[in-house]
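Enquirer: Dumping the structure here so I can ask a few things about it.
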Amino acid sequence: MDKILPVILYLFILGFHKRVYGNAEVDALNSLKSKLNDPKNVLQSWDSALPTPCTWFHVTCDPRNKVTRVDLGNADLSGELVSELGQLTNLQYLELYSNNITGKIPDELGKLRQLVSLDLYLNQLEGGIPNTLGNLQKLRYLRLNNNSLMGTIPNSLTTIDKLEILDLSNNFLNGSVPYNGSFSRFTNISFFNNPNLTFANDTTPNVTLTPPSVRKDNTFAIAGGVAVGAAIFIAVPLIALAWWRRRHPQDHFSDVAAGEDPEVHQLGQLKRFSLRELQVATDGFSDKNILGRGAFGKVYKGRLVDGSLVAVKRLLDRVQVQGGELQFQTEVELISMAVHRNLLRLQGFCMTPTERLLVYPFMVNGSVASCLKDRPDTKPALDWPTRKRIALGSARGLAYLHDHCDPKIIHRDVKAANILLDEEFEAIVGDFGLAKLMDYKDTHVTTGVRGTIGHIAPEYISTGRSSEKTDVFGYGVMLLELITGQRAYDLARLANDDEVMLLDWVKGLLEDRKLEVLVDPDLGGNLLNGVEEVIRVALLCTRATPWERPKMFEVVKMLEGDGLAERWEEWKKEAIPKKEDSQIQQIRVEFNSGFNPSNDHLSGPR
């Protein structure tokens, strides 16, 4: 009897957990796992014996222990989706992009009434687009591009009024685009490369480009593919914008006249503001409304006529003489298509013969930089859980720019001042794409060095060549700013020794278990949960040679607890080449270069 009672008690507790949490979500995700091939073991933590999936990797829950996000993008998964996904009734983000998933999109996804983002692009899905997706009235981002979907576009999708981003390109859809409802603001770029698809009132078939069967797994096998791909990418938006301009003719660099129907001046999913609107919103670009200033221009706080707050970036004069209106519009629309929870969404633009302005949502909590060293006494310090969430969120945003934009977007100025914070202190990466916008006359990545002293990777300084690994370096420095509360150009002063190489000094403190020297005093000087792991990630990201740094998607995994220990042990076992010494020294020099902080103005709320 004594042996039976513990068993009965265990079964009772297990039953209680299942009644409290419910097992529908566990069953749904376990069913998905059973139908997927997982060569990288990304689903290894998905243990169906647990009463809740909230401790599983790549699963996010709300305070009620309800699943709100499943993030399995770029995980090399194959297999099929399952109808049981419809049981995740609190799900807001379903991200299964860039895998090798086959089969059909389940009709049951239409039961996910809380869904905000559905990302199934870059797979091998077949069949039609379910009519039930029209039930997802909270949906803002629907990306099904680069699959093998067939059939017509369901009219039910046009009833989703909140839809901001739609991408059905590179499929085999047919029939006519239902050019009504929420679809009226989408241009041909949302539908291109569906050879049998036509627009309402337009009998001309859609432009046929690279067929969907040419995917990421065989593109590089095609001789000359890079050059052809570049030409196609340039041609696609130009064709799309030419189509738009044919329906909305206007003068070269003409401003929007006051009182005109705003829908006439939509550029795809962007609003084209009049200069007068933005002048009124910012009190004539008054200095009192300046939120920040940087390499690309000044940012002003503005209030539109509907009462909404915006941040208006007034680009520097030199952008105005580079190329023409069509090129500028093309770059702006391409920037607007980079949409992710952790990226600053471009809301609109203004273009006149003398002005270029970009309009973004206002971020009430400003930037990470404004919340660290230079925060006012009335503003509380960021606590450690918030800083860890900022680290992960900004890594996710940068990983999206590098791996899921075509072509990839290199930020070139990753720093705390460009990581903004929304009302929930979620990290929002800003200023991406602007380096390319300012240089859009150039077709090669090698341009004048842009960035902020202390964040610039050594190879970028010496060659002027940027890559995703230059962003990784800047991100690593930003992590050190989060931990220490110091600006990048002040970090070396913490060492109190000009002869000490900064990153070697940080690594030495880590090895000697003297982390209290690094931790921001505003955090109370306590050794914090997970700080050692974040420091390790920062050091891996700031390795002197770019090929030794991780990719941003690997950084995301390490911050989520997957693979950091192995990577760190590999580094410890490696003998650091002597040639790194001079490069690390160069990093130290950049941190101690006499850079004038007054030239790097921090942003307040924006």
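Enquirer: Quick check: anything in segment 557-571 assigned to a helix (DSSP H, G or I), of a type in the set (Lys, Arg), touching a residue at least 24 places away in the same chain (Cβ under 8 Å) and farther than 19 Å from LYS388 by Cα?
Expert: yes
Enquirer: Looking at (1) part of a helix (DSSP H, G or I); (2) modelled with pLDDT of 90 or more, can you tell me which one LEU358 breaks?
Expert: (1)
Enquirer: Restricting segment 22-41 to residues that are part of a loop (DSSP other than H, G, I, E, B) and free of Cβ contacts under 8 Å to residues at least 24 places away in the same chain, which is surrounded by the fewest Cβ atoms within 10 Å (Cβ to Cβ)? Explain how you work it out, then say what you get.
Expert: Residues of segment 22-41 part of a loop (DSSP other than H, G, I, E, B): 22-23, 38-41.
Checking the rest, the ones that are also free of Cβ contacts under 8 Å to residues at least 24 places away in the same chain come to 22, 41.
Numbers: GLY22: 15, ASN41: 9.
Among those that are part of a loop (DSSP other than H, G, I, E, B) and free of Cβ contacts under 8 Å to residues at least 24 places away in the same chain, it is ASN41.
Enquirer: Test LYS162 against the criterion of being farther than 19 Å from PRO106 by Cα and outside any helix (DSSP H, G or I), and give yes or no. Don't jump to the end; show me each part of the working.
Expert: Working: farther than 19 Å from PRO106 by Cα: yes; outside any helix (DSSP H, G or I): yes.
So LYS162 passes the test.
Enquirer: Looking only at residues in segment 367-389 that are within 30 Å of LEU270 (Cβ to Cβ) and under 18 Å from the mean Cα position of the chain (by Cα), which one is surrounded by the most Cβ atoms within 10 Å (Cβ to Cβ)? Give the steps one after another, and end with the answer.
Expert: Let us first name the residues in segment 367-389 that are within 30 Å of LEU270 (Cβ to Cβ), namely 367-371, 389.
Those left that are additionally under 18 Å from the mean Cα position of the chain (by Cα): 367-368, 389.
On the way: SER367: 24, VAL368: 28, ARG389: 17.
Filtering segment 367-389 for residues that are within 30 Å of LEU270 (Cβ to Cβ) and under 18 Å from the mean Cα position of the chain (by Cα), the one surrounded by the most Cβ atoms within 10 Å (Cβ to Cβ) comes out as VAL368.
Listed here are the residues, each with its yes/no results for (1) in a loop (DSSP other than H, G, I, E, B); (2) modelled with pLDDT of 85 or more; (3) of a type outside the set (Asp, Glu).
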| site | (1), (2), (3) |
| --- | --- |
| GLU277 | no, yes, no |
| LYS298 | no, yes, yes |
| LYS301 | no, yes, yes |
| GLY307 | yes, yes, yes |
| ARG314 | no, yes, yes |
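Enquirer: So, in segment 279-296, exactly how many residues are basic (Lys, Arg) and either in a loop (DSSP other than H, G, I, E, B) or without any contact (Cβ under 8 Å) to a residue 40 or more places away in the chain (or both)? Full working, then the answer.
Expert: Restricting attention to segment 279-296, the residues satisfying the condition of being basic (Lys, Arg) are 288, 293.
So of that shortlist, the ones also either in a loop (DSSP other than H, G, I, E, B) or without any contact (Cβ under 8 Å) to a residue 40 or more places away in the chain (or both) come out as 288.
Residues in segment 279-296 being basic (Lys, Arg) and either in a loop (DSSP other than H, G, I, E, B) or without any contact (Cβ under 8 Å) to a residue 40 or more places away in the chain (or both): 1 in total.
Enquirer: Also, quick follow-up: With (1) charged (D, E, K, R); (2) within 18 Å of ASN123 (Cα to Cα); (3) surrounded by fewer than 19 Cβ atoms within 10 Å (Cβ to Cβ) as the list, and ASP47 as the residue in question, which single condition is left unmet?
Expert: Of the numbered conditions (1) charged (D, E, K, R); (2) within 18 Å of ASN123 (Cα to Cα); (3) surrounded by fewer than 19 Cβ atoms within 10 Å (Cβ to Cβ), the odd one out for ASP47 is (2).
Enquirer: Within segment 90-148, how many residues turn out to be crowded, with 23+ Cβ neighbours inside 10 Å and in contact with a Pro (Cβ under 9 Å, 6 or more places away or on another chain)?
Expert: 5
Enquirer: Restricting to segment 400-435, and then to whatever is of a type in the set (Phe, Trp, Tyr) and in contact with a strand residue (DSSP E or B) (Cβ under 7 Å, 6 or more places away or on another chain), can you tell me which residue is surrounded by the most Cβ atoms within 10 Å (Cβ to Cβ)? Outline the logic, then answer.
Expert: Taking segment 400-435 and keeping what is of a type in the set (Phe, Trp, Tyr), we get 400, 425, 432.
In the following step, the residues that additionally are in contact with a strand residue (DSSP E or B) (Cβ under 7 Å, 6 or more places away or on another chain) were identified as 400, 432.
Values: TYR400: 28, PHE432: 25.
Looking at residues that are of a type in the set (Phe, Trp, Tyr) and in contact with a strand residue (DSSP E or B) (Cβ under 7 Å, 6 or more places away or on another chain), I get TYR400.
Enquirer: Among the residues of segment 164-182, write down those that are surrounded by fewer than 20 Cβ atoms within 10 Å (Cβ to Cβ) and over 15 Å from LEU122 (Cα atoms).
Expert: GLU164, ASN174, GLY175, SER176, PRO178, TYR179, ASN180, GLY181, SER182
Enquirer: Right, here's the next one. Within segment 488-534, count every residue that is buried (at least 18 other Cβ atoms within 10 Å of the Cβ), at pLDDT below 80 and outside any helix (DSSP H, G or I).
Expert: Number satisfying all stated conditions: 2.
Enquirer: Determine, yes or no, whether ASN592 is modelled with pLDDT under 65 and surrounded by fewer than 16 Cβ atoms within 10 Å (Cβ to Cβ). Even if it seems obvious, please write down each step before you answer.
Expert: Working: modelled with pLDDT under 65: yes; surrounded by fewer than 16 Cβ atoms within 10 Å (Cβ to Cβ): no.
Against the criterion (modelled with pLDDT under 65 and surrounded by fewer than 16 Cβ atoms within 10 Å (Cβ to Cβ)), ASN592 does not qualify.
Enquirer: Could you tell me which residue of segment 42-76 is modelled with the highest pLDDT, considering only residues that are of a type in the set (Ser, Thr, Tyr) and in a loop (DSSP other than H, G, I, E, B)? Steps first, answer last, please.
Expert: From segment 42-76, those of a type in the set (Ser, Thr, Tyr) are 45, 48, 52, 55, 60, 68; that's our starting set.
Add one more test, that the residue is in a loop (DSSP other than H, G, I, E, B), and what stays is 45, 48, 52.
Numbers: SER45: 84, SER48: 76, THR52: 81.
Only one residue fits best here, namely SER45.
Conditions tested, residue by residue: (1) of a type in the set (A, V, I, L, M); (2) modelled with pLDDT of 90 or more.
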residue	(1), (2)
HIS404	no, no
ARG412	no, no
LYS415	no, no
ILE419	yes, yes
GLU424	no, no
ILE453	yes, no
ALA457	yes, no
LEU482	yes, yes
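Enquirer: Just to be sure I understand, how many residues within segment 170-212 are under 18 Å from GLY151 (Cβ atoms) and at pLDDT 70 or above?
Expert: So the answer is 21.
Enquirer: Return the residues of segment 102-139 that are closer than 16 Å to GLU80 by Cβ and among the small types (Gly, Ala, Ser); say none if nothing qualifies.
Expert: Answer for segment 102-139, where residues must be closer than 16 Å to GLU80 by Cβ and among the small types (Gly, Ala, Ser): GLY103, GLY127, GLY128.
Enquirer: Restricting to segment 150-163, name every residue that is in contact with a Lys or Arg (Cβ under 9 Å, 6 or more places away or on another chain) and either of a type outside the set (D, E, K, R) or crowded, with 16+ Cβ neighbours inside 10 Å (or both).
Expert: Start the filter on segment 150-163 by keeping residues that are in contact with a Lys or Arg (Cβ under 9 Å, 6 or more places away or on another chain), which leaves 160, 162-163.
Across segment 150-163, the qualifying residues are ILE160, LEU163.
Enquirer: If you scan segment 165-177, which residues turn out to be in contact with a helix residue (DSSP H, G or I) (Cβ under 8 Å, 6 or more places away or on another chain) and not in a loop (DSSP other than H, G, I, E, B)? Lay out the reasoning, then the answer.
Expert: If we filter segment 165-177 for residues that are in contact with a helix residue (DSSP H, G or I) (Cβ under 8 Å, 6 or more places away or on another chain), which is where we start, we get 166-169, 177.
Answer for segment 165-177, where residues must be in contact with a helix residue (DSSP H, G or I) (Cβ under 8 Å, 6 or more places away or on another chain) and not in a loop (DSSP other than H, G, I, E, B): LEU166, ASP167, VAL177.
The values are calculated or read from the model by the stated rules, or taken from the named source; none is laboratory data. Keep in mind that what you see is a predicted model, and the values were worked out from it rather than measured. As a convention, Cβ positions derive from the backbone with ideal geometry for all residues, glycine included, and neighbour counts pool all protein chains shown.
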